[in-house]
Amino acid sequence: MANEIKDQVENETPSKEDYEAIKAELEAERQKAAGLVDQATKALQDKIATLETEAATKTQDIEALKGQLAEATTNFEGAKAAYAYALEDFKQLAASANPLLPPEVISGTTVEEVKASLGRANKLVSSVQAALAQQAAAAVVPAGAPVRGPASTEGLSTKEKINLGLEQAKKKKES
């Protein structure tokens, strides 16, 4: 048992020299492992650094594009409002240039639509004018008094017809 105790003591505490040798060996292994890790991850670390730089650049580009988009949106809204005002002015000008058209028939949200509505309204006015001209031509009334003819005997009683005949005969004799 004494030998066992001696072996146990020796197994539990290494000598200072053994301890230093193990420590040096572990440190060498640690450095070797760190070198291998650095060597193995060098390409990945370089790639990560490149990607981080690219991501920062892209972030700056995105922020710049957001600013440009906001400016373009503001400009677009202003242009849209100016177009609406110009379109209303065009409608008013078209109404004043075409006095036969009521302003309500001039409609549209684009210049092309307004022009198309003007075309339709002008066609309508032309067809109404043509129809009125046909009606006026059909109902031609001669100028001046109508030609005098013999008085109509329709609706006269027999006695009145005889009296009328006698008066006409008397006028003929006198003339």
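Below, the figures for the structure above:
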read-out: Among the residues listed as Ala70, Ala86, Ala82, Ala95, the single one being more than 20 Å from the chain's Cα centre (by Cα), surrounded by 10 or more Cβ atoms within 10 Å (Cβ to Cβ), among the hydrophobic types (A, V, I, L, M, F, W, C) and under 30 Å from Val111 (Cα atoms); value: Ala95
read-out: Number of the exception - Gln31 against (1) within 30 Å of Gln129 (Cβ to Cβ); (2) assigned to a helix (DSSP H, G or I); value: (1)
read-out: Residue under evaluation Lys159, criteria (1) loosely packed, with under 10 Cβ neighbours inside 10 Å; (2) closer than 30 Å to Leu87 by Cβ, criterion not met; value: (2)
read-out: Which numbered condition Ala131 misses (of (1) without any contact (Cβ under 8 Å) to a residue 24 or more places away in the chain; (2) in a loop (DSSP other than H, G, I, E, B); (3) surrounded by 10 or more Cβ atoms within 10 Å (Cβ to Cβ)); value: (2)
read-out: Residue within region 104-111 that is modelled with pLDDT under 85 and either of a type in the set (Lys, Arg) or part of a helix (DSSP H, G or I) (or both) present; value: no
read-out: Cβ pairs under 6 Å, 6+ apart, first in region 161-175 and part of a helix (DSSP H, G or I), second surrounded by 10 or more Cβ atoms within 10 Å (Cβ to Cβ); value: Lys161/Thr153
read-out: Residue, modelled with the lowest pLDDT, within region 9-28, restricted to residues that are assigned to a helix (DSSP H, G or I) and exposed (fewer than 10 other Cβ atoms within 10 Å of the Cβ); value: Val9
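The values are calculated or read from the model by the stated rules, or taken from the named source; none is laboratory data. Everything numeric here is computed off the predicted structure, so don't read it as measured data. Positions of Cβ are backbone-derived with ideal geometry, glycine not excepted, and every protein chain shown enters the neighbour counts.
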